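The values are calculated or read from the model by the stated rules, or taken from the named source; none is laboratory data. Keep in mind that what you see is a predicted model, and the values were worked out from it rather than measured. In this analysis, Cβ positions are derived from the backbone assuming ideal geometry, glycine residues included, and neighbour counts consider all displayed protein chains.
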Number of protein chains: 2
Amino acid sequence: MPELRRDPIVGRWVIIATDRARRPTDYAHPGSAAVHGLCPFCPGHEDKTPGEVYVTGRPLGAPANGPGWRLRVVPNRFPALKIEGDLDRKGEGMYDLMNGIGAHEVVIEGPEHGRLMRELAEADLTEVLFAFKARMLDLRNDQRFRYILLFKNQGAPAGASLEHPHSQLIALPVTPIQVQDEIDGARRHYDHRERCIYCDMVSQERKDRSRLVHENEEFVVFAPWAPRSPFETWIVPKRHESNFEAEPKERLGRCAQALRTTLRRLAAALGDPPYNFIIHSNPLRDAPTPSYHWHIEVMPALTQVAGFEWGSGFHINPVPPEEAAEFLRKVSG
Amino acid sequence: MPELRRDPIVGRWVIIATDRARRPTDYAHPGSAAVHGLCPFCPGHEDKTPGEVYVTGRPLGAPANGPGWRLRVVPNRFPALKIEGDLDRKGEGMYDLMNGIGAHEVVIEGPEHGRLMRELAEADLTEVLFAFKARMLDLRNDQRFRYILLFKNQGAPAGASLEHPHSQLIALPVTPIQVQDEIDGARRHYDHRERCIYCDMVSQERKDRSRLVHENEEFVVFAPWAPRSPFETWIVPKRHESNFEAEPKERLGRCAQALRTTLRRLAAALGDPPYNFIIHSNPLRDAPTPSYHWHIEVMPALTQVAGFEWGSGFHINPVPPEEAAEFLRKVSG
């Protein structure tokens, strides 16, 4: 059983794998895990993954876990956390730990092995976002979970170990510290001004326009004021909403349009860079709130993030966001 | 002039280079900047660096910036921050910025191009730590600075762009957020218990021994309870002290012994991995405090740190610290 351990100083939780399946020496020379041969996410190989928990496109009456699907969500075969068991919170002297309970699922975005997320039709990308929402709504019924992280690693340098386009979801019994820091910061702004800081930001970015990349009726895409890395790009709903899973399908469609053009612009500008995106949303057990605002953070993996950066939280960004945004505005989305 | 910009939500500062010396497209395909040819840090090439601000070993009366030195500290030729100017704090709508004022120096650890830090004699490594202290004591006189980050990137995957062994120092007008988070967390522990959390940790680790790697009279080396990455290792003074620069030379000598054996053990265990270390110390303008405790965090660069990790603060570590420590105890230091 993996463990969730809490750093006693800053309160950050980490997942410690304790299965001893691999020896420490296995980490001496890590490579970018290029996987060759059979792809477990391709149609016809459905038996190479755990059984699907969500699916679209398969004709009515066709058997589960066979071909004919447009999108599949399956449990991760090598999950970071285990779904069965109790949290069993305990202390070890001054330290805190609990069992590594959680869900780790893979959203297989389409049947085509070589079709990248940015190449999906807008309607298909909407289906992906809707699958995110459907899985969140299902998993939030499990009272052990406090947070669901939705994210995508595209390309080996961004941490993807399989090529077939997919996103991931991790349901956790704790809220990740970076999300909590955002919630706390946004709350301080709200307490002071009775306004959502993200709404204020959307308003300033739309007026200023120097960091604006794109907008449609519902979403705005911009380079944030203090980006940690070159070409970091945020996608933020214009209308206040704290919870991603509360968005109706029509707005997810507009989100898909904004995400698609963002990924296409980054690809055109930077030559198909590896990237990560992550959805930040209100924690599952918190009431919807006027102070926090869900959003997507897209980060191309262009620069090395070394221990120095995470030992200090201090980032040096050689590309001003105004330049990045100008560049992204000019290329075709 | 580079800019320091503050994220309005979480309060993190980033340095934005604004000199436009490079174009955004230059970041499309970053490589590990392997530098060939002339090494600016080797003896005889002293004119390839800015003039030295600290030096050891050169015979009395020998001219500055010539050969004969054992250790040199020079300003970084491509500094992230500029030393001249005023902070000129200002707002831009809801955002905060100031001029990127700071010092960025390089500690050239020895004249030999191929001699790694772990291969230095203990006395020579003590000189390196003493140089850190000397530069801190000098730079803290500049009232614009609030924090001095001391760190080392070893190997290209850990962010080193030059091979010749060197460490770096960045003096900043702000305290890095990760350090502030530690200070705040340690303060909460102190307010509650009137004990330093690091002292408590040293005590528990020495008693428990499962995560202990090494100790001498003055320092303890251990794998932290909740490490962010495999083989993360901390070096902590046994006697409480908040400020690195307050340590007398004898204790820096014992620190050098602990650091040297740590680096040698990591090299033996993991086949000379790239690594980072960073010194966390009390901010320059804060009074010495019973609640915070300086220390060194060493992180081998074994796993990919992708945007996902820094978008969530959430880490999955496949090597339990007890296993890493056991492994490091067994190899020769």
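Which of the following residues is β-branched (Val, Ile, Thr), touching a strand residue (DSSP E or B) at 6+ places or on another chain (Cβ under 6 Å) and either under 30 Å from A:Arg77 (Cβ atoms) or surrounded by fewer than 18 Cβ atoms within 10 Å (Cβ to Cβ) (or both): A:Val174, A:Val220? None of the other options fit; the residue is A:Val174. Within region B:229-249, the set of residues being in a loop (DSSP other than H, G, I, E, B) and of a type outside the set (Asp, Glu) comprises B:Ser229, B:Pro230, B:Phe231, B:Lys238, B:Arg239, B:His240, B:Ser242, B:Asn243, B:Pro248. Looking only at region A:50-84, residues that are assigned to a strand (DSSP E or B) and without any contact (Cβ under 8 Å) to a residue 24 or more places away in the chain come to 1 in all. Residues in region A:192-214 that are surrounded by 15 or more Cβ atoms within 10 Å (Cβ to Cβ), without any contact (Cβ under 8 Å) to a residue 40 or more places away in the chain and closer than 23 Å to A:Val319 by Cβ: A:Met201, A:Val202, A:Gln204, A:Glu205, A:Asp208.
Can you find a residue that is closer than 18 Å to A:Pro79 by Cα and surrounded by fewer than 20 Cβ atoms within 10 Å (Cβ to Cβ) anywhere in region A:148-158? Looking for residues that are closer than 18 Å to A:Pro79 by Cα and surrounded by fewer than 20 Cβ atoms within 10 Å (Cβ to Cβ), one finds none in region A:148-158, hence no.
When A:Arg23 is tested against (1) more than 25 Å from the chain's Cα centre (by Cα); (2) charged (D, E, K, R); (3) modelled with pLDDT of 95 or more, exactly one condition is not met: (3). Considering B:Leu252, B:Leu259, the condition of being more than 10 Å from every other protein chain (Cβ to nearest Cβ), in contact (Cβ under 8 Å) with a residue 12 or more places away in the chain and either assigned to a loop (DSSP other than H, G, I, E, B) or touching a strand residue (DSSP E or B) at 6+ places or on another chain (Cβ under 9 Å) (or both) is satisfied by B:Leu259 alone. For B:Arg329, the conditions (1) in contact (Cβ under 8 Å) with a residue 12 or more places away in the chain; (2) assigned to a loop (DSSP other than H, G, I, E, B) are fulfilled apart from (2). What pairs can you find where one residue is in region A:160-181 and more than 23 Å from A:Glu3 (Cα to Cα), the other is in a helix (DSSP H, G or I), and their Cβ atoms are less than 6 Å apart, with a gap of 6+ or different chains? Within 6 Å, the pairs are A:Pro165/A:Met117.
Residues in region B:214-234 that are under 24 Å from B:Ala301 (Cα atoms) and away from chain A (no Cβ under 13 Å): B:His214, B:Glu215, B:Phe219, B:Val220, B:Val221.
Consider A:Pro283 carefully, then state whether it is under 21 Å from the mean Cα position of the chain (by Cα), outside any helix (DSSP H, G or I), facing another protein chain (nearest Cβ under 10 Å) and not hydroxyl-bearing (Ser, Thr, Tyr). Considered against the rule, which asks whether it is under 21 Å from the mean Cα position of the chain (by Cα), outside any helix (DSSP H, G or I), facing another protein chain (nearest Cβ under 10 Å) and not hydroxyl-bearing (Ser, Thr, Tyr), A:Pro283 comes out as no.
Candidates are the residues of region B:313-333 that are in contact with a strand residue (DSSP E or B) (Cβ under 6 Å, 6 or more places away or on another chain) and within 29 Å of A:Leu172 (Cβ to Cβ); the one that is surrounded by the fewest Cβ atoms within 10 Å (Cβ to Cβ) is B:Ile316.
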